[in-house]
Amino acid sequence: MCKVLNISRASYYKWLHREVPGQELENIELAILIKEYDERFNHILGYRRMTSWINHFNQTNYSKKRVHKIMQKLGIHSVIRKKKNKYISVKSETIAENILQRDFYATEPNQKWVTDITEFKVPREKKKIYLSAIRDLYDRYPVAYVLSSRNDNKLVFKTFDKAIKDNPLAKPIFHSDRGFQYTSKVFQRKLKEKEMKQSMSRVGHCIDNGPVEGFWGIIKSEMYQMYEITDEESLRYAINDSCVFTQRKDYKTDLIVKHH
């Protein structure tokens, strides 16, 4: 080997028996962890979430920059999501101002809630399933979620009622897009009865409701990697299971156990 690489045997043995620096040993250990987590979660973790999970479960304090650098050297990256269709604006008769103003930071629970609806296509069928969820910006966990085969007022009302049942004293700023369910007088009356301030995103500015859009992206990226979805039943199971894990405070630990 030394002859082929044109390296003296003395240099090789000097390198072989050298004292490995502490930082290099740490990088080797970190690289092993990165490979392990990447395989365990089917390549769904980007460097930010990879850093968070490794530090959380190994009581370490690696920086995102360091993890990112090693992931690049290993050729490891998260699943790339498909681009979404552009938003088509729809005129709404009754709308609210954007009170939230992209201030996604909350200092206490039930201070700011954000909500939206997303759709999932059923494999091999001309059918869709709709997921409605309300997310608390304090801890970024869902307050409530509901699955339905129809995207209608009932779906949104049921999600809201479920959130109120679990949080009867909550009076948050309630932020959404300008979907017909949220602009309906019935829903606005529900908000007023609970003394909640309604806030809405501007037309064509999905970033105004960024936390929910990001939440949908994470669920869809992870779900299709972690579950075998072949029909409506398996799709419903995967969606419900994903939401349950993201709703519980210890969902990350559950995921680790599940994949062992």
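The values are calculated or read from the model by the stated rules, or taken from the named source; none is laboratory data. This structure is a prediction, so every number in the text was calculated from the model and none was measured. Reconstructed Cβ throughout: ideal geometry from the backbone, glycine too, with neighbour counts over all protein chains shown.
Taking the numbered list (1) at pLDDT below 90; (2) surrounded by fewer than 16 Cβ atoms within 10 Å (Cβ to Cβ); (3) in contact with a Ser or Thr (Cβ under 9 Å, 6 or more places away or on another chain) in turn, K126 passes all entries but (3).
The test for being part of a loop (DSSP other than H, G, I, E, B), under 16 Å from W216 (Cβ atoms), under 22 Å from the mean Cα position of the chain (by Cα) and not polar (S, T, N, Q) does not hold for F120. Screening the candidates K171, K112, K154, K162 for the property of being touching a strand residue (DSSP E or B) at 6+ places or on another chain (Cβ under 7 Å) and surrounded by fewer than 19 Cβ atoms within 10 Å (Cβ to Cβ) yields one hit, K162. Cβ-Cβ contacts under 6 Å between residues 6 or more apart (or on different chains), taken from a first residue in the stretch 97-115 that is under 24 Å from N153 (Cα atoms) to a second residue that is hydrophobic (A, V, I, L, M, F, W, C) and assigned to a loop (DSSP other than H, G, I, E, B), are listed as N110/A170; K112/A106; K112/L137.
Being under 30 Å from I219 (Cβ atoms), touching an Asp or Glu at 6+ places or on another chain (Cβ under 9 Å) and surrounded by 12 or more Cβ atoms within 10 Å (Cβ to Cβ) holds for only one residue in I44, I34, and it is I44. Checked against the criterion of being modelled with pLDDT under 90 and either under 19 Å from the mean Cα position of the chain (by Cα) or of a type outside the set (V, I, T) (or both), the candidates P168, P142, P109 yield just one match: P142. Annotation note: Cβ proximity below 8 Å between a residue of the stretch 40-51 that is outside any loop (DSSP other than H, G, I, E, B) and a residue that is at pLDDT below 80 (sequence gap 6+ or interchain) occurs for R40/I256; R40/H259. Quick one: is F187 crowded, with 17+ Cβ neighbours inside 10 Å, at pLDDT 90 or above and under 26 Å from S242 (Cα atoms)? Criteria not met by F187.
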